[in-house]
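What follows is a short report on a single structure.
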Amino acid sequence: MIRIADLNNKWAKYAKPGGWNDPDMLQVGNGGMRESEYRVHFSLWAIMKAPLLIGCDLSRVSNATLRILGNDEVIAVNQDRLGVQARKVQVSEDSLIEVWSGPLSEGRWVVALVNRSPISAKVTARWKAIGLNPVQPMYARDLWKKATMDKVISGALSARVPSHDVRLFLVWPATETL
């Protein structure tokens, strides 16, 4: 799954409304991955604006799988009207830590902190790497926890990401109200 995401990243500049890159149907719930890896899979497909075609038998999936497939906030990122595919903007030297990001409508951005390593890691997305003004204060909402951070952040967004997991955030300028 992650190899397919890497390949799809190369084609990000060609994705747009009416012409989406299609990395194939979702494997969430089909076995062979941990819940955290399913979360990474669904997050990457959502931010890449891939068609979210469910590839598992819905009559036999776990509640955890249904929570992943039914996360309305993650689906909203996939369906955002701007239609710009997110791409990798930062990669660690060992290629195990990644930051993916892309613009959304209404001045918002999606930021995915991805940990491919076998251990938990602190992952930092720098505004400059994303394409944001480094001094712009931003609000951030964790789309898997469905919680908005209680403080304004500037310059970067950092979070601890468990092994083979993702933290997916929506960020927007703090000039607007929560």
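The values are calculated or read from the model by the stated rules, or taken from the named source; none is laboratory data. For clarity, every value in this text was computed on a predicted model and none was experimentally measured. For neighbour counting, all protein chains shown are included, and Cβ atoms are generated from backbone atoms with ideal geometry for every residue, glycine included. For accessibility, only protein heavy atoms count, side chains too; no ligands or nucleic acids. Shrake-Rupley method; radii C 1.70, N 1.55, O 1.52, S 1.80 Å.
Anything in segment 13-55 that is of a type in the set (Gly, Ala, Ser), open to solvent by 10 Å² or more (accessible area, probe 1.4 Å) and not in a loop (DSSP other than H, G, I, E, B)? List them, or say none. The answer is Gly19, Ser36.
Would it be correct to say that Arg160 is within 21 Å of Arg87 (Cβ to Cβ), within 17 Å of the chain's Cα centre (by Cα) and basic (Lys, Arg)? No.
Inspection of segment 134-150 finds no residue satisfying the criterion of being within 22 Å of Arg87 (Cβ to Cβ), assigned to a strand (DSSP E or B), at pLDDT 95 or above and open to solvent by 60 Å² or more (accessible area, probe 1.4 Å). Please go through segment 125-149 and pick out each residue that is under 26 Å from Phe42 (Cβ atoms) and either in contact (Cβ under 8 Å) with a residue 60 or more places away in the chain or charged (D, E, K, R) (or both). Matches in segment 125-149: Arg126, Arg141, Asp142, Leu143, Trp144, Lys145, Lys146.
Check Ile97, Ile119 and return the single one that is surrounded by fewer than 17 Cβ atoms within 10 Å (Cβ to Cβ) and either in contact with an Asp or Glu (Cβ under 8 Å, 6 or more places away or on another chain) or in contact (Cβ under 8 Å) with a residue 24 or more places away in the chain (or both).
When all the criteria are applied, what remains is Ile119.
Listed by first and then second residue, the pairs linking a residue in segment 38-61 that is of a type in the set (Lys, Arg) to a residue that is open to solvent by less than 10 Å² (accessible area, probe 1.4 Å) and assigned to a helix (DSSP H, G or I), with Cβ atoms under 6 Å apart and 6 or more places separating them unless they lie on different chains, are Arg39/Ile68.
Filtered by the rule that a residue be aliphatic (A, V, I, L, M) and touching a residue at least 60 places away in the same chain (Cβ under 8 Å), segment 1-37 gives Ile2, Ala12, Ala15. Restricting attention to segment 56-83, the residues that are surrounded by fewer than 19 Cβ atoms within 10 Å (Cβ to Cβ) and aliphatic (A, V, I, L, M) total 7.
Test Lys122 against the stated conditions and say whether it is farther than 20 Å from Phe42 by Cα and in contact with a Gly (Cβ under 9 Å, 6 or more places away or on another chain). Judged against the criteria, Lys122 is not a match.
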